[in-house]
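*Asks:* My structure is below; once you've seen it, I'll send some questions.
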Amino acid sequence: MSFLADQLMGEARRRGVRLWVDAAGRLQYAGPEPVLDARFTTLLRTQADQIAARIGREPAQRWFKRIGPEGDCLLYLLPAAGAGPGRYQSWAAAVPAGLQVEAVLIPGREERFTEAPFTEVAALADRIAEQILGHAAGRPFALFGHSTGGLVAREVTRRLAGSTGAQLALFVAGALPPDRVEGRTEPESDEELIADLAAWQGTPEALMADRGFLKTFLPVLRADMRLFHSCRKPVTEEERVDVPVTALGGLQDETAPAGTCEAWEPWARGPFAVRMVEGGHFFPVTAAAEVLGIIGDALSARPAPA
């Protein structure tokens, strides 16, 4: 790795330029037009092979798991804390025609259980944004984030804004907005984590009673809680997102109570909507058909990006 390539990667991060490697192993980049000046893009091209070797190319199946059929429009699903794509298999039979659901599989979940989980949202959002750019390859897409996944999805949306115009919408479900997230706290005891897990009503009772499972799973959940707390931010003009935002809530969700959906409106610069659904915190799983119907209707009403 050359010194210049290292410097260019650092400068790209500073400028908000996204770097990724496509299916053919070639370096790709995108960002706000003012920062992609002729000199900088020329330097990127001269160091493209070295930068691509540094970034590497991970197989798409390492980060994404399709749920349901193929489609023309992609929906990237970011699961709740502690959950992976497998928790959303109820979506497979309810995906609207033309939509392709790609669940994001992050380190520490399911097949990636042995990998170190992320505990800071900035680093995770950077990686997911880069992976989406390579995977979507210019196709129209939307993001759906459940609970902590909603907070991560907003961060990813901000990072994608300067790199692509293909994102149609952002959907957040059962998610607190960043200004309502509690500040970083000391790690909870195992008993407090188990109580949180039970309150979310997303883990089967048999697993809740399995002490061996809990002993293995709690470190991942603890990392996810650190990730959640790292999402706290005040509302600023820079942090607002341009794409249409829909906040979905569960009518019986005690984790994200009444008023939570409406609290997302200051974070949206453009169109904003609230949709309420029967169910508790895991209503995206238990009411999959209704949730996907809301998403399908919202996306079909929006023109594809030029």
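*Asks:* Tell me whether segment 97-104 contains one or more residues that are more than 24 Å from ALA301 (Cβ to Cβ), in a loop (DSSP other than H, G, I, E, B) and not charged (D, E, K, R).
*Replies:* no
*Asks:* Would you confirm whether any residue within segment 146-164 is more than 18 Å from ARG269 (Cβ to Cβ) and more than 11 Å from the chain's Cα centre (by Cα)?
*Replies:* Taking every residue of segment 146-164 in turn, none turns out to be more than 18 Å from ARG269 (Cβ to Cβ) and more than 11 Å from the chain's Cα centre (by Cα).
*Asks:* Would you mind stating whether ASP72 is among the acidic types (Asp, Glu), under 30 Å from LEU8 (Cα atoms) and in contact with a strand residue (DSSP E or B) (Cβ under 9 Å, 6 or more places away or on another chain)?
*Replies:* no
*Asks:* Here is a follow-up. Within segment 264-274, identify whether any single residue is among the charged types (D, E, K, R) and assigned to a helix (DSSP H, G or I), and answer yes or no.
*Replies:* Scanning segment 264-274, I find at least one residue that is among the charged types (D, E, K, R) and assigned to a helix (DSSP H, G or I), so the answer is yes.
*Asks:* Tell me which residues, restricted to segment 226-251, are touching a strand residue (DSSP E or B) at 6+ places or on another chain (Cβ under 8 Å) and either in a loop (DSSP other than H, G, I, E, B) or surrounded by fewer than 16 Cβ atoms within 10 Å (Cβ to Cβ) (or both).
*Replies:* Within segment 226-251, ARG240, VAL243, PRO244, LEU251 qualify.
*Asks:* Of all residues in segment 1-29, how many are closer than 14 Å to ALA48 by Cβ and part of a strand (DSSP E or B)?
*Replies:* So the count comes out to 6.
*Asks:* Next question. Looking at segment 70-92, which of the residues that are in a loop (DSSP other than H, G, I, E, B) and in contact (Cβ under 8 Å) with a residue 60 or more places away in the chain is farthest from VAL220 (Cα to Cα)?
*Replies:* ASP72
*Asks:* Residue by residue through segment 270-287, note down the ones that are surrounded by 14 or more Cβ atoms within 10 Å (Cβ to Cβ), at pLDDT below 95 and either out of contact with any Asp or Glu (no Cβ under 9 Å at 6 or more places or on another chain) or within 24 Å of VAL156 (Cα to Cα) (or both).
*Replies:* HIS281, PHE282
*Asks:* Output the residue which, of all residues in segment 295-306 that are among the aliphatic types (A, V, I, L, M) and crowded, with 18+ Cβ neighbours inside 10 Å, is nearest to PHE171 (Cα to Cα).
*Replies:* ILE295
*Asks:* Next question, about the same structure. Name the one entry in GLU290, GLU254 that is open to solvent by 20 Å² or more (accessible area, probe 1.4 Å), within 26 Å of TYR88 (Cα to Cα), part of a helix (DSSP H, G or I) and in contact (Cβ under 8 Å) with a residue 12 or more places away in the chain.
*Replies:* Checking each option against the conditions leaves just GLU290.
*Asks:* Could you say which residue among PRO96, PRO117 is open to solvent by 10 Å² or more (accessible area, probe 1.4 Å), within 20 Å of ALA169 (Cβ to Cβ) and of a type outside the set (A, V, I, L, M)?
*Replies:* Just one listed residue meets the conditions, PRO96.
The values are calculated or read from the model by the stated rules, or taken from the named source; none is laboratory data. This structure is a prediction, so every number in the text was calculated from the model and none was measured. Counting neighbours? That spans all protein chains shown, and the Cβs are built from the backbone with ideal geometry, glycine included. Each accessible area value is taken on the protein alone, full model and side chains, heavy atoms only, with ligands, DNA and RNA left out. Shrake-Rupley method; radii C 1.70, N 1.55, O 1.52, S 1.80 Å.
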